[in-house]
Structures are given as C-alpha cells and as structure tokens.
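Novice: Here it is, the structure, as structure tokens.
The values are calculated or read from the model by the stated rules, or taken from the named source; none is laboratory data. Just so it is clear, the model here is predicted, and its values are computed rather than measured. We place every Cβ from the backbone using ideal geometry, glycine too, and count neighbours over all the protein chains shown.
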Amino acid sequence: MEPNLMKISPDRKKIFQQSSSIVIKVGSSLLVEDKLGAIKKKWFASFIEDIIELRKLGKTVIIVSSGAINLGRKILNLKDNDLTLEQEQAAASVGQIELSKEYQEHFKFKGFICSQVLITLDDFTNRRRYLNCKSTLKTLLNLGVIPIVNENDTVATDEIRYGDNDRLAAQVASICDSDLLILLSDIDGLYTESPKKSKDAEHIPFISEITEEIEQMAKGPENDFSHGGMKTKIEAAKVTTSVGCNLIIANGKKNYPISDIAENKATWFLASQRVKAARKKWILNMKSLGEITIDFKAEKALKSGKSLLPVGATKCTGKFSRGDVVAVRGEDGQILAKGLTSFNQVETEKIIGIKSEDIPKVLGYNRKPELIHRDNMAFFN
Ligand code: GLU
C-alpha cells in the first residue's frame, strides 16, 4: 500500500523553531510506572526541564497530561484493569491531586508557575463555556503560567466523555490558536500496519493530507492502560491540521523527550496551507485596534518575509491586548499590512525602537522578540 508520502521533506527544525505556541500531550504510560503505579521520577524531571527550555525560548506551553486514573488506581489499590466508570471517576479524583502536586512541585522548584485546568467535552459544545475556557487559557498564557490540562474524569459520564486525551489536546490546541501539538506516546508515529504484528510495517514520516487510506492504517489501543490508540491520534490530527496547527506523534519514552524532537523518528501531520491563506484573509478582514508605524528598513525586512521586531517600530497608537489585530503603517504613511500582536499596547510602547536583546531588561521578563510574527501578518497587495 502506498501511503500519502510527501515528495519533498519539509524542514522539521524550522517548523519547530517557528512554533511559538505549543501544546504537549503526555500519555499515561510515559508518566506512570505500570507496576508501581507511581510517577517515573527521572523521566518526569527531564520532561519538566524540556518544557522550561521551551519557555526560555519564549514559547508558550500547555501540557495536556494523562495519568490521574493510573495514579489513583494504585493509591486506592484497585487492581482490576477493567474498572467501572464509577471506579475510574474515584481513581481520577484521587490521582488528579497527586498528578498536580508533582507538576507543581517540579515547576515551583524551577521558578515557574503552573495551573490545573479540568475540561469535559461538554465545555467545548456549550458556546459560553467554550469562550470561557478559551479566555482562561489565553489569560494564563499571557501571565506566563504553564497550564496543565486533563479531562475532568470525575464528573464526565460516558456520554460527555472523551476518554482519551488526544482529542482533548487537539481541541485545546485549536481554541488556543496553537502552532504545534505534540502527542508524546510509546510509539514513534504512524506505520502502514502495526509494527508489533508485521515485519513489513513501514514508518510514515510526513502526512500532508489525511486520506481514507491513512485512516485505515490507524488501529485501536495496543496497551491496556492507555486510552488513546492511533485512531484517536488521527482524529486529533484532523482537528489541528484543519485549523492551521501542525501535529507530531512522537515516541516520548526516552528522557528529555522534546529536546531532539525535530531530528527523531516521528510522524508529522502538516497543517493545511489553504487554512494559512484563509487565516491571512481573516486577519485582513478584522478591525484593527491599534497601529504600529515602522521605518523603511523594517518595511524592507517585512517584505522579504521577516517578522516585525521592536527595533523597526517608531510609533504605536490605539489600545490593544496581546493577540489583537493591529495595522502596520509604513514611514510614508501607507497602511502596509495587518497582524496579530505578540505584546499589548503598554508593552509595545515600552519596547518600541529597542534591540531584541534589551526586551527582558525593559519589561522585566523574557518573551519572543517579534512584535508581530510573520505567520500572523497579512499584507495588502
Ligand atoms: N484522563 C485520563 C487520566 O488522567 C487519561 C486519558 C488518556 O489516557 O488519554 O488518567
């Protein structure tokens, strides 16, 4: 069977470097020791260090973490693999507090703040709750927090339950307009057939379109303790790629699971280019809440495909928050483009005209230097 292979391999390192907003889903089998039912200490500490590295690069990170049921099962001494829904809910209730404690202790020790966000499928189908969820997550990110998301297993009954964190992570990435979702699991991506069952199974490094054939290759869960199999990962990929977010399925078993992700064997689902074009159109149609004037040098840089840096800006007007649309005005007075700002107007006023390396000194915290990232900018022709 000929999978939907890409003819030219895209530059994975570049995609990774350019992703400023990342969601990472970590599966239960990576986090929790099957036999002991406890957190894998060494692996966990290395994972936290990887996240901190990403934060230091100015990226925002949301973690979608499984593990509550497995941790709670051990604490409650529930040995049977097939727990009833009520037992799973009780295990999740006990395990979630343990899981959050681990994250909090590790991040606090390194000087970072994390938070707990529990979501049900229902929260995404009810518009008011959907918008609440979106604004809470965005506010947390703007405050420099690392949100730790899990399904609210304790109250989620079968009808309103995802049951796997792959699709939950895809929804989170979608509402947060993330650039990249990494699904860390115990397999290094999609194969033409199950590598556990067939020697002929071929690994698929890139997928640019999720065809019927790709869907057929996905199988159910292979492991008793993990709820999401390849099928839910493909469903997650359908959601993210259709909203312009790339997705990686990677094997996270080794310590420091994120550090070499762009070089390691994995399957990359690439976001639809059509969506990127639609996004630019959407940006141009949005009402701008402010204006940033730039010099000729910056105008030249933008036209050659670069992002807008504070050093090229000369003036800012209006009242805007991070993520709002602002117009970009050239030195000759022409409106050149519109874009989503990475800084609010108070921050922008402070950093206008300064070099990127001086931003932390002026603001008192570190952030990616672009005022407007090139992916978030659309030009008037
Ligand atoms: N929400 C479940 C837990 O925390 C995990 C679901 C999954 O494994 O994807 O245990």
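Novice: Give the residues of the stretch 10-65 that are among the small types (Gly, Ala, Ser), within 16 Å of the ligand (Cβ to nearest atom) and modelled with pLDDT of 95 or more, sorted by residue number.
Specialist: Passing the criteria: only Ser65.
Novice: Have a look at Ile175, Ile187, Ile182 and point out the one that is of a type in the set (A, V, I, L, M) and free of Cβ contacts under 8 Å to residues at least 60 places away in the same chain.
Specialist: Testing whether each residue is of a type in the set (A, V, I, L, M) and free of Cβ contacts under 8 Å to residues at least 60 places away in the same chain leaves just Ile175.
Novice: Against the condition in a helix (DSSP H, G or I) and in contact with a strand residue (DSSP E or B) (Cβ under 7 Å, 6 or more places away or on another chain), how does Ala201 come out, does it pass?
Specialist: In short, no.
Novice: What number of residues in the stretch 120-149 are within 16 Å of the ligand (Cβ to nearest atom) and either over 24 Å from Asp324 (Cβ atoms) or of a type in the set (A, V, I, L, M, F, W, C) (or both)?
Specialist: So the count comes out to 7.
Novice: I would also like to ask the following. Can Glu349 be described as surrounded by fewer than 20 Cβ atoms within 10 Å (Cβ to Cβ) and either of a type outside the set (D, E, K, R) or in contact (Cβ under 8 Å) with a residue 24 or more places away in the chain (or both)?
Specialist: Answer is yes for this residue.
Novice: Scan the stretch 150-171 for residues that are within 8 Å of the ligand (Cβ to nearest atom), assigned to a loop (DSSP other than H, G, I, E, B) and free of Cβ contacts under 8 Å to residues at least 60 places away in the same chain and jot them down.
Specialist: Tyr162
Novice: Would you pick out the residues in the stretch 140-161 that are at pLDDT below 90 and under 11 Å from Thr60 (Cβ atoms)?
Specialist: Asn142
Novice: Kindly establish whether Asn81 is within 30 Å of Ser178 (Cβ to Cβ) and either modelled with pLDDT under 95 or among the aromatic types (Phe, Trp, Tyr) (or both).
Specialist: Taking the combined requirement at face value, the residue does not satisfy it.
Novice: Then there is this: Counting only residues that are part of a helix (DSSP H, G or I) and small (Gly, Ala, Ser), which one in the stretch 66-77 is nearest to the ligand (Cβ to nearest atom)?
Specialist: Filtering first and then ranking leaves Ala68.
Novice: Follow-up question, since we're still on this one. For the condition surrounded by fewer than 14 Cβ atoms within 10 Å (Cβ to Cβ) and assigned to a helix (DSSP H, G or I), what is the one hit in Lys42, Lys35?
Specialist: Selected residue: Lys42, the only one of Lys42, Lys35 that is surrounded by fewer than 14 Cβ atoms within 10 Å (Cβ to Cβ) and assigned to a helix (DSSP H, G or I).
Novice: Return the residues of the stretch 179-215 that are in contact with a helix residue (DSSP H, G or I) (Cβ under 8 Å, 6 or more places away or on another chain) and of a type in the set (Ser, Thr, Tyr); say none if nothing qualifies.
Specialist: Across the stretch 179-215, the qualifying residues are Ser185, Tyr191, Thr192.
Novice: Further, regarding this structure: Could you tell me whether Asn255 is in a loop (DSSP other than H, G, I, E, B) and in contact with a strand residue (DSSP E or B) (Cβ under 7 Å, 6 or more places away or on another chain)?
Specialist: In short, no.
Novice: Which of the residues that make up the stretch 79-119 are assigned to a loop (DSSP other than H, G, I, E, B) and either within 16 Å of the ligand (Cβ to nearest atom) or within 18 Å of Asp34 (Cβ to Cβ) (or both)?
Specialist: Within the stretch 79-119, Lys79, Asp80, Asn81, Asp82, Leu83, Thr84 meet the criteria.
Novice: Right, here's the next one. State whether the residues of the stretch 205-216 include one that is modelled with pLDDT under 85 and within 27 Å of Asp34 (Cβ to Cβ).
Specialist: No.
Here's the yes/no breakdown for (1) more than 23 Å from Leu184 (Cα to Cα); (2) in contact (Cβ under 8 Å) with a residue 60 or more places away in the chain; (3) in contact with a Leu (Cβ under 7 Å, 6 or more places away or on another chain):
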residue	(1), (2), (3)
Ser65	no, yes, yes
Ile69	no, yes, no
Gln87	yes, no, yes
Ser93	yes, yes, no
Ile97	no, no, no
His106	no, yes, no
Phe112	no, yes, no
Leu118	no, no, no
Leu121	no, no, no
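Novice: Ok, one more. Being surrounded by fewer than 18 Cβ atoms within 10 Å (Cβ to Cβ) and not aliphatic (A, V, I, L, M) is the filter here; which residues of the stretch 332-346 pass it?
Specialist: Listed by number, the residues that qualify are Asp332, Gly333, Gln334, Asn344.
Novice: Please indicate, with yes or no, whether at least one residue in the stretch 302-313 is at pLDDT below 95, among the β-branched types (Val, Ile, Thr) and surrounded by 14 or more Cβ atoms within 10 Å (Cβ to Cβ).
Specialist: no
Novice: Just name the residue that is surrounded by the fewest Cβ atoms within 10 Å (Cβ to Cβ) out of those in the stretch 314-331 that are more than 20 Å from Leu284 (Cβ to Cβ) and either at pLDDT below 95 or in contact with a Leu (Cβ under 7 Å, 6 or more places away or on another chain) (or both).
Specialist: Lys319
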